[in-house]
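FYI, it's all coordinate maths here, none of it is from the lab. Only a predicted model underlies this, so the values are computations on that prediction, with no experimental measurement involved. So basically every Cβ, Gly included, is an ideal-geometry build from the backbone, and we count neighbours across all protein chains shown.
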Amino acid sequence: MNKPLTMAVAPATSREELLRQLERKLLWLSGWMVHHANHIRPNRDGLKVGGHQASCASCISIMAAVYFEIARPQDRIAVKPHAGPVFHAINYLFGRQEVAPMEGLRALGGAQSYPSRVKDGPEVDFSTGSVGLGVAMTSFSALIQDYVRLHGLGRTDLPAGRHIAIAGDAELDEGNIYEALLEGWKHDVRDVWWIIDYNRQSLDSVVPDRLFGRIEGLFRDMGWNVVTLKYGRKLEAAFARAGGDGLRRWIDDCPNSLYSALTFQGGAAWRQAILADLGRSAGVRAIVDPLSDDELATLMTNLGGHDTETMIEALREADALGDQPTCFIAYTIKGMGLPFAGHKDNHAGLMTKEQMGLFRQEMRIRQGHEWDRFEGLAAPESELQAFLDSCPFAAKLTPEGRALASPLIAVPATLPVPKLAGRKMSTQSGFGDILAEIGRGQGAYAELAAHILTTSPDVTVSTNLGPWVNRRGVFDRHTRNDVFRDSKLASAQRWGMSPKGQHIELGIAEQNLFLLLGAAGLTHALTGARLLPIGTVYDPFVNRGLDALIYACYQDARFLLVSTPSGLSLAPEGGQHQSINTPLIGMAADRLASFEPSHVDELAILLRHAFAHMQAPDGSAVWLRLSTRQLDQPPREVDPASVIAGGHWAVPPAAGARIAIGYQGPVAPEAAAAFAELRAEEPGVGLLAITSPDRLHAGWLAAMRARRGGNRPAVSHVERLLAPLAPGAALVTVLDGHPATHAWLGAVRGQRVIPLGPDHFGQSGDIPDLYREYGIDSDTVLDACAQALIGV
Ligand SMILES: Cc1ncc(C[n+]2csc(CCOP(=O)(O)OP(=O)(O)O)c2C)c(N)n1
Ligand SMILES: [Mg+2]
């Protein structure tokens, strides 16, 4: 039977129109989220909550094109920090975010101001915040994806993903971007897209006009495809009309700052400016005159990055070209669609209550329905929902979601320790020997060896990774022979490169090291393969990559940092090479357990611990600060638990001892010599080996917190260690690092500390001279003991 003709079927809304409506929704929700945090939620401290409505508005169409059309579940995406609310709104529309966290934007437990893997949950692929780092991270995560797949690890049953950064244009001012570009080129990185929200504004100002010509060339030089999306379809259509050429030239030549100002002023200002220059062109008049002020403003702000169809088309085209890294320069207007669009001061600008009221009307949002998913949209809910369900990105990557599960790597009970008895050895060479031995990949070490990935910024050989690399090879997507070896030229390093290699050799830029460690330290969640990444670097140059190191830890990446040589062990190199502050960084950096062993038996315990701790749910990244100073290796048994907890008595004190000497790292012999002399007069003196001020301090804080919380018996390792000493006993401590590292020990039990360690920039020299110069030689230790005992 035919359907009765009278039953009218509403024509389905076009996909383009649905997309446009959902974009409106993103604009509303992101604006409202920030407004709610600032104006609706009670403010208890008088501080501005903040948020970036203009930064969000700028990239709505870019994000809509990516998330609603182009991205596939396997893609990994870094969203520019200030577009956090747009990201949350997208997830909300996909049913992956709740209202409560959005209502709590920037409040404790609410959605984070900038997307955070740890705090916002598994929908976030990469945390962002410190500009530039999230962008560069995608290049390293793409490299690591290749590494994992070429080694046949992880979820090879899932398709490989693209690594996409949605970047602010000011992010390209950060030097780390260019370091990453160079490194990416060397490694022939594929499957990376950087989509730049080119609103030509940063925080303070409008950026210079000619800059992007330069930047475009730079990308091309690095082998990237560059796609510039300057104008949208409306403007392109106008340009195609008679006289349109002149209009195009006029906009092309319009300085960024003038364009921004006219955008802010609106249609009448546009008309005046255009006609002042082009009023005599009949073609231009034919384009401009019939338009109302609003229509003219809409036309003149129809940039590529605000035209979703243009965006989608460009992304599709690049997709079809394959895996070449591609940079999209999408022209946008900061604050597009909001009252402060284009204003140079809009970065942290917030809509006033009045402006929000008008915006609400424009968006057709009823009071009390601000968070309703489809409120104010013209299309029927069923169509909007069907659209969202049809987005490729709406599919689940795996039943468990975006964060993949990955099996643990078995860590043998002990590591293969070189013969120590009667030998002099440094912790650095001990590290190299143990790793090389694991690198044989035999027996119990086979699985461990297969999952270790090493990397170093041009200090592989000088940090003793050479023997490991000789055994496991250098990673490269293409097999490349070792020319020296093939030509039978003698060299201790055999560096054939292949897709099976397990060492990634980096150029010298330390931020790249930490970004790579960050990416490799997330593989368990991003690829389903657990890697045990180890990066070596000279200790002083940890500072050079510090922001990227903190960034990696902030994402809870799991890796082992080995920094060596350290302190005055770099004595002949002189001044700036002598790291002083790194032990303090180790104490203060969150999600990074830091250690400095003196002897190789301690190192072996800590290295084993690192492999386990990097995999533990409540674990973290690990840092070992090592030295090239060779020390006699004592024949002894040490308690692994104490070494891991941060310290053990090399010689226990007598009960009620008046004094003890504590040491950390390669100054053990100086402490031991002073100890031997002091013992003649103070038989009860103890000698404390401090393997981790960081763990001791963290344990102490945790125990105090627990006791405050009612757990009265809670006691920390350092409290137990120091308990045998008399209440007013003195501790003379020494390390090759800033003395503040130990100064706090006196607070644990009300004892007195005389902390020794360099606190000035170094000189060059040999160890006897420099230890004396900086007061960490045995004479100074003894003097400090005398001072402690006589109470000066
Ligand atoms: C390393 C770093 N320096 C400074 C800041 C403070 N800051 C946040 S956003 C911003 C400007 C960002 O401009 P852009 O990347 O162009 O973003 P958009 O215009 O899209 O907001 C600055 C300076 C930061 N987050 N990170
Ligand atoms: Mg900008």
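Observations on the model:
- Fraction of alpha-carbon pairs over 39 Å apart in the chain - percent: 47 percent
- Shape analysis of the range 234-370 places it in the oblate category; the axes a ≥ b ≥ c from the Cα gyration tensor give an a/c of at least 1.5, with a/b not above b/c.
- Theoretical gain in end-to-end length, residue 462 to residue 396 [0.36 nm per residue, Cα-Cα removed]: 19.2 nm
- Cα-based helix-to-principal-axis angle, 668-681 vs the chain, degrees rounded to 10: 40 degrees
- Projected label points at residue 150 and residue 637, each 7 Å from Cα along the beta carbon direction, are separated by 4.7 nanometres.
- Fraction of antiparallel bridges per DSSP, the chain only, in percent to nearest 5: 15 percent
- Amide H within-cut-off set for residue 734, under 5 Å, with H built and near neighbours excluded: 662, 663, 664, 756
- Over the range 443-584, the pair-distance histogram of Cα-Cα distances with 5 Å bins from zero comes to 2, 10, 17, 21, 19, 15, 10, 5, 2, 0 percent, rounded to whole numbers.
- For the range 332-339, backbone phi angles converted through the Karplus equation (6.51, -1.76, 1.60; θ = phi - 60°) give residue-by-residue couplings of 9, 10, 5, x, 3, x, 10, x Hz, Gly and Pro being listed as x.
- Rg then Dmax, both in Å and based on the Cα atoms of the range 73-214: 16.4, 48.
- Kirkwood Rh in Å, taken over the range 708-792 so that all alpha-carbon pairs contribute: 14.4 Å
- Angle between the chain longest axis and helix 778-790 axis [Cα atoms, degrees, rounded to 10]: 80 degrees
- Overall shape of the range 480-530 was characterised from the C-alpha gyration tensor. The equivalent ellipsoid obtained from it has semi-axes of 29, 15, 7 Å, in decreasing order.
- Residue 658-residue 630 FRET efficiency (beta carbon distance; Förster radius 25 Å; 0.05 resolution): 0.15
- Under a 5 Å amide H cut-off, with hydrogens placed 1.01 Å from N, residue 165 pairs with 78, 193, 194, 195 among residues at least 5 apart or on other chains.
- Using the Cβ of residue 126 as centre and a radius below 10 Å, the other residues enclosed give a net charge of +1, where K and R count +1 and D and E count -1.
- Rounded to the nearest 20, the Cβ-based charge dipole of the range 716-785 about its Cα centre (Lys and Arg +1, Asp and Glu -1) stands at 520 debye.
- Residue-wise HN-Hα coupling along the range 349-358, computed from phi with Karplus coefficients 6.51, -1.76, 1.60 (Hz; x: Gly, Pro): x, 10, 5, 6, 4, 5, 4, 5, x, 5
- Estimated distance in nm for a label pair at residue 186 and residue 479, the labels positioned 7 Å out from Cα along Cα-to-Cβ: 2.4 nm
- Tensor-based shape of the range 580-717 (alpha-carbon gyration tensor, a/c under 1.5 rounded, otherwise prolate or oblate): oblate
- With Cα atoms as the point set, the range 139-180 shows a radius of gyration and Dmax of 13.7, 39 Å.
- Of all lysines in the structure, those lying under 27 Å Cα to Cα from residue 80, and not within fewer than 8 positions of it along the same chain, are 25, 48, 119, 186, 230, 334, 344, 353, 396.
- Estimated [θ] at 222 nm from DSSP helical runs (n ≥ 4, -39500 (n - 2.57)) normalised by residues in the chain, nearest 500: -12000 deg cm²/dmol
- A straight chain from residue 358 to residue 708 at 0.36 nm per residue would run longer than the Cα-Cα distance by 120.9 nm.
- Taking the number of Cβ atoms within 10 Å of each Cβ as an exposure proxy, the fewest-first ranking of 52, 648 is 648, 52.
- The Cβ shell under 15 Å around residue 164 holds other residues with a net charge of -2, Lys and Arg each +1, Asp and Glu each -1.
- The three principal axes of the C-alpha atoms in the range 441-484 carry coordinate ranges of 33, 25, 18 Å, sorted with the longest axis first.
- For the range 187-256: Kirkwood Rh in Å [reciprocal of mean 1/r, alpha carbons]: 14.6 Å
- Label-to-label distance for residue 410 and residue 723 is 3.7 nm, based on points extended 7 Å past Cα in the beta-carbon direction.
- Derived scalar couplings ³J(HN,Hα) [the range 66-71; Karplus, 6.51 cos²θ - 1.76 cosθ + 1.60; whole Hz; x for Gly, Pro]: 5, 7, 8, 10, 9, 5
- Global geometry of the range 314-390, whether rounded, prolate or oblate, following the gyration tensor of its Cα atoms and the 1.5 cut on a/c: oblate
- Span per principal axis, largest first, for the Cα atoms of the range 1-128 (Å): 69, 35, 25
- Only Cα pairs under 8 Å and 6+ residues apart enter the sum, and on that basis the relative contact order of the range 457-603 stands at 20 percent.
- The mean sequence distance of close C-alpha pairs (under 8 Å, at least 6 residues apart), as a share of the length of the chain, puts its relative contact order at 11 percent.
- Charge tally in the Cβ shell below 10 Å around residue 774, where Lys, Arg are +1 and Asp, Glu are -1, residue 774 excluded: -4
- Alpha carbon Rg of the range 286-440, scaled by the compact-globule rule 2.2 N^0.38 Å: 1.94
- Cut-off 20 Å, label 7 Å out along Cα→Cβ of residue 590, residues of the range 494-525 by amide N: 515, 518-519, 521-522
- P(r) of the range 402-455 over all Cα-Cα pairs, binned every 5 Å from zero, in whole percent: 4, 16, 25, 20, 15, 10, 6, 3, 1, 1, 0
- Cα lying deepest toward the dipole's positive end in the chain, options 43, 133, 82, charges on Cβ: 43
- 5 angstrom amide H check on residue 303, placed H, neighbours 5+ away: 232
- Projecting the Cα atoms of 444, 426, 455 onto the charge dipole of the range 414-466, computed from C-beta unit charges around the Cα centre, puts 426 farthest toward the positive end.
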